[in-house]
Structure formats: C-alpha cells, structure tokens
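Asker: Take this structure first; my questions come after.
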C-alpha cells in the first residue's frame, strides 16, 4: 500500500501553536482558510485577554440581560455543560480567581517571575449563578462574577475548525490548536498519529508515546507548562473551584480521548482538579485517559488506546 501523503500547515493562533493537516494536499489552502476564520471568530467572541472581545464586554455588564452572539452562546453552553458533567470541577466562573493569581493577559505576556501575591482560598461563585438561555441567547452574570472559558473555548474552536475545514476541503482533516486536537472526515488508513506530550511545543520524539485516532478529539491538561512564580510560590492556570486557587493535584498532566475535543478537554481539566479521585471518575464515564503523576508514573484507564504503529508524522498534543 502506498504511503499516505498529507498536506500540513503550521501557524500561530490564540497565543499557541496551530497545525492543520489534510489528506488532500491540494485542498490545504482552502482548509487553512476555513480554520483561520473559525479561530478569528472564537478569539473575538470568547477571549478574556481582548478588551474588545464579546466576553470581556459581557463581563463588564453585571446584573444586566445581554443577548450574545450564536458563537459565544455555543461557547458558554459548552462551558456550563462541562461544569454540570464534572459536578463543578470545571467551572467558567473562575475568571476573577485566575486573574488574581497572575494570569491576566495572554500567557506570552505573563511575567515568569514576580513579587509575592496574597491569595486567600475561597470557593468561586459557581456556575449555577449564571442565568443563561440557549434558546434566546440571553445571559445575566451576577456582580462579582467573571467568566473564563479557557477550559472549553479553545477546544470548541478546534472542533468547529475541523468541521469547517472538512466542509471546505473534503477528505480528512486534523486541527491542533495548542495541542487541543479535533479530526473530521475520513482518517488516513492507519488513523491520525498523535504524540502524547505535556508540551505541544515539544519536538517529535520516538521516546514519547504515540496513539492513533480516527474520529473525535484529544486534549491534554497539565500544570508544568503554563506556570509562573510569584514570590516563592509556583502557580499555574488550572483553578480548583472549591478553593479559587491553582489546583493542588497529584497529576502533572492528563490526556483524554473523547468523542469531541471539547469533551476531551473538559475531562482532562477535571482530572487535574479531581486529583486522586480522577481515575475512578474517568473509568465511571468510560473515558480513555493517560495520567502522569508528579513522580513521573503513568496511569492509563482500561480504554486507553494501544500505542500506534502508524508511520505518519504524528501531531503533538
């Protein structure tokens, strides 16, 4: 059987790496254009770091009924669904908590070191405080609540971008947005090769585990990449809603394969927050997951795929 020839485009978007892979190389330009349109739209709708984004303007309008765009409504619905599925372990009302912890701009602009912060543990407001109607796209955010869609919006963008690229180019498509991976259309014969890595900027390496997927999505959440130091305290971007502080987890990373990228990222983020309770929760929901302990020990749930034998160039999570 002849080798599969892929078209690959690498770029930057939303402050992270962007990779688009297609099984029809001649359609790569059309696929990339479709992906770019989705990513730009999501950035304008749901970025916490743009003053002119729809989300920023929504956060600045507490206690008022606001009619939001279909895309932001879809992103908020995904975030609230994630909160419900995880019993609040993944909660979009962590905005103020993560801002106070120092993650108040695009990560590339966050100072790696700074003076000490005085952080007080306290439960965040909670997703139940949000009054939202998907039917009318109306929402009310109580005063003192800031939405952050970081656990779902980028993954949702990957899902939507993969679907848009497939519609534009046909064939099979893989989109990786900062390691949030979604695929659409017909996969290559041996599936899409995906290298599990804690950092999507890592080089391809035979030492890293590679799996193969034919549909759905893959996402990794972790505490070793997006981290910074304030005083003598190491902080990271995954907030535990129960304390409003960066999660103290026994896992340094969690990778999940699911029916969509957004579901994978909901579960991987929840696994970090749930810590020791994560394996049982993942197995209860029959999710394929790979957890890396702080000591480097790797735990895989029973449904985690076998290592891939594909010779395709893998995409890094």
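The values are calculated or read from the model by the stated rules, or taken from the named source; none is laboratory data. Source: prediction; values computed, not measured. Cβ atoms come from the backbone with ideal geometry, glycine included; neighbour counts cover every protein chain shown.
Asker: Looking at region 124-145, which of the residues that are touching a residue at least 12 places away in the same chain (Cβ under 8 Å) and assigned to a helix (DSSP H, G or I) is farthest from the chain's Cα centre (by Cα)?
Answerer: For region 124-145, the residue satisfying everything is 129.
Asker: If you don't mind, there's one more thing I want to ask. Just to be sure before I move on: is residue 14 over 29 Å from residue 136 (Cβ atoms) and at pLDDT below 95 in the structure I sent?
Answerer: no
Asker: What number of residues in region 119-160 are surrounded by fewer than 21 Cβ atoms within 10 Å (Cβ to Cβ), under 19 Å from residue 89 (Cβ atoms) and out of contact with any helix residue (DSSP H, G or I) (no Cβ under 7 Å at 6 or more places or on another chain)?
Answerer: Within region 119-160, residues that are surrounded by fewer than 21 Cβ atoms within 10 Å (Cβ to Cβ), under 19 Å from residue 89 (Cβ atoms) and out of contact with any helix residue (DSSP H, G or I) (no Cβ under 7 Å at 6 or more places or on another chain) number 4.
Asker: Which one is surrounded by the most Cβ atoms within 10 Å (Cβ to Cβ) among residues in region 285-298 that are within 11 Å of residue 253 (Cβ to Cβ) and touching a helix residue (DSSP H, G or I) at 6+ places or on another chain (Cβ under 7 Å)?
Answerer: The extreme case among them is 289.
Asker: Another question, then. Test of understanding: among 39, 29, 20, 35, which residue is modelled with pLDDT of 95 or more, in a strand (DSSP E or B) and either crowded, with 18+ Cβ neighbours inside 10 Å or in contact with a helix residue (DSSP H, G or I) (Cβ under 9 Å, 6 or more places away or on another chain) (or both)?
Answerer: On inspection, the qualifying residue turns out to be 20.
Asker: Also, quick follow-up: Tell me which residues, restricted to region 161-170, are within 18 Å of the chain's Cα centre (by Cα) and surrounded by fewer than 24 Cβ atoms within 10 Å (Cβ to Cβ).
Answerer: Hit for region 161-170 is 163, nothing else.
Asker: Next question, about the same structure. Let me spell it out: the conditions are (1) out of contact with any helix residue (DSSP H, G or I) (no Cβ under 7 Å at 6 or more places or on another chain); (2) exposed (fewer than 14 other Cβ atoms within 10 Å of the Cβ); (3) in a loop (DSSP other than H, G, I, E, B), and residue 5 meets all of them except one. Which number is the exception?
Answerer: That leaves (1) as the condition not met.
Asker: Contact list please: Cβ distance under 7 Å, first residue in region 294-317 and modelled with pLDDT of 55 or more, second residue surrounded by fewer than 11 Cβ atoms within 10 Å (Cβ to Cβ), pairs at least six apart or on different chains.
Answerer: Short answer, once both residue conditions are applied: 303/286.
Asker: Right, another one. Output the number of residues of region 48-78 satisfying the condition of being under 17 Å from residue 154 (Cβ atoms), part of a loop (DSSP other than H, G, I, E, B) and modelled with pLDDT of 95 or more.
Answerer: Total meeting the criteria: 1.
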